[in-house]
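Enquirer: My questions all concern the structure below.
The values are calculated or read from the model by the stated rules, or taken from the named source; none is laboratory data. All of these numbers come straight from a predicted model, not from anything done at the bench. Note that each Cβ is placed from the backbone with ideal geometry, even for glycine, and that neighbours are counted across all protein chains shown.
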Amino acid sequence: MLPLYCDVRGEAYRRLIDYAVERSRFFVFANRYGMSESEEKVLYALKPFFIEKRHMGELYPDNAIAYSKGTYYIYKCCPEAGEILKETADSLFTWQHPNLPEDLCFWDERENDYLYVVAHEEMAGMNLDEEEAAALAESIPGLFFRLPKYNYRSIHHYSERGDFPYTASTGNRKFGQSGALAY
């Protein structure tokens, strides 16, 4: 599991949701504090894709979303559901109570984490190898992984502003499209 360096926002968020929907079988939210009206609206919009709800003891202990008691809502991944996720939020870390259901996560066919989010802790990551993560970060400006081959001194600044002033280059320490300073 490779951690993300920071929140994924705007167009990068929308492209990441598309990517995760294409490669995952399920997505899941947590309800730990009771359901607000705005959270209920999201669940209602996603009702056609609803599979089931579970409680903490019914999830795999390795699922990142299972860090505390709650009710977990599991949905089928499909492009139509992805559109609702993209219309509802503009970043991964906005999936927090009371405005939205908690901790949007994507699972593979065996219900293992593919993309996890613990929004209130500003933590997220993906189940990718380093090569796939680097290629994905290069293809989605504003998506940053913690990869050993990158130096992250300037990433946070560029990711939040969304301006990527340099083109991709390897070996000569220029910023790439992903904003990572390449060695």
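Enquirer: Say whether the condition of being touching a Cys at 6+ places or on another chain (Cβ under 8 Å) and modelled with pLDDT of 95 or more is met by at least one residue in segment 70-91.
Expert: Checking segment 70-91: not a single residue is touching a Cys at 6+ places or on another chain (Cβ under 8 Å) and modelled with pLDDT of 95 or more.
Enquirer: Identify all residues within segment 11-38 that are buried (at least 16 other Cβ atoms within 10 Å of the Cβ) and of a type in the set (Ser, Thr, Tyr); write none if there are none.
Expert: Tyr13, Tyr19, Ser24
Enquirer: Related question: Among the residues of segment 136-145, is there at least one that is crowded, with 22+ Cβ neighbours inside 10 Å and either in the same structural domain as Val8 (by TED's automatic domain parsing) or at pLDDT below 50 (or both)?
Expert: There is no residue in segment 136-145 that is crowded, with 22+ Cβ neighbours inside 10 Å and either in the same structural domain as Val8 (by TED's automatic domain parsing) or at pLDDT below 50 (or both).
Enquirer: Still on this model: Taking segment 50-97 only, how many residues are farther than 20 Å from Met1 by Cα and among the aliphatic types (A, V, I, L, M)?
Expert: 7
Enquirer: Among the residues in segment 39-50, are any surrounded by 15 or more Cβ atoms within 10 Å (Cβ to Cβ) and either charged (D, E, K, R) or at pLDDT below 95 (or both)?
Expert: The answer is yes; a qualifying residue exists.
Enquirer: A further question follows. Would you be able to tell me the number of residues in segment 89-122 that are under 10 Å from the mean Cα position of the chain (by Cα) and either without any contact (Cβ under 8 Å) to a residue 12 or more places away in the chain or not assigned by TED's automatic domain parsing to the domain that holds Ser24 (or both)?
Expert: 0
Enquirer: Oh, and also: Would you please list the contacts, defined by Cβ atoms under 7 Å and residues six or more apart or on different chains, that run from a residue in segment 11-27 that is among the polar types (S, T, N, Q) to a residue that is in a helix (DSSP H, G or I)?
Expert: Final answer for the pair search is none.
Enquirer: Has segment 31-40 got any residue that is more than 19 Å from Tyr116 (Cβ to Cβ), of a type in the set (Phe, Trp, Tyr) and assigned by TED's automatic domain parsing to the domain that holds Pro101?
Expert: Looking for residues that are more than 19 Å from Tyr116 (Cβ to Cβ), of a type in the set (Phe, Trp, Tyr) and assigned by TED's automatic domain parsing to the domain that holds Pro101, one finds at least one in segment 31-40, hence yes.
Enquirer: Tell me which residues, restricted to segment 53-83, are part of a helix (DSSP H, G or I) and without any contact (Cβ under 8 Å) to a residue 24 or more places away in the chain.
Expert: Met56, Gly57, Glu58, Ala66, Glu83, listed by residue number.
Enquirer: Inside segment 101-117, can you point out the residues that are of a type outside the set (Asp, Glu) and either surrounded by 21 or more Cβ atoms within 10 Å (Cβ to Cβ) or in contact with a strand residue (DSSP E or B) (Cβ under 6 Å, 6 or more places away or on another chain) (or both)?
Expert: Scanning segment 101-117 gives Pro101, Leu104, Cys105, Phe106, Trp107, Tyr114, Leu115, Tyr116, Val117.
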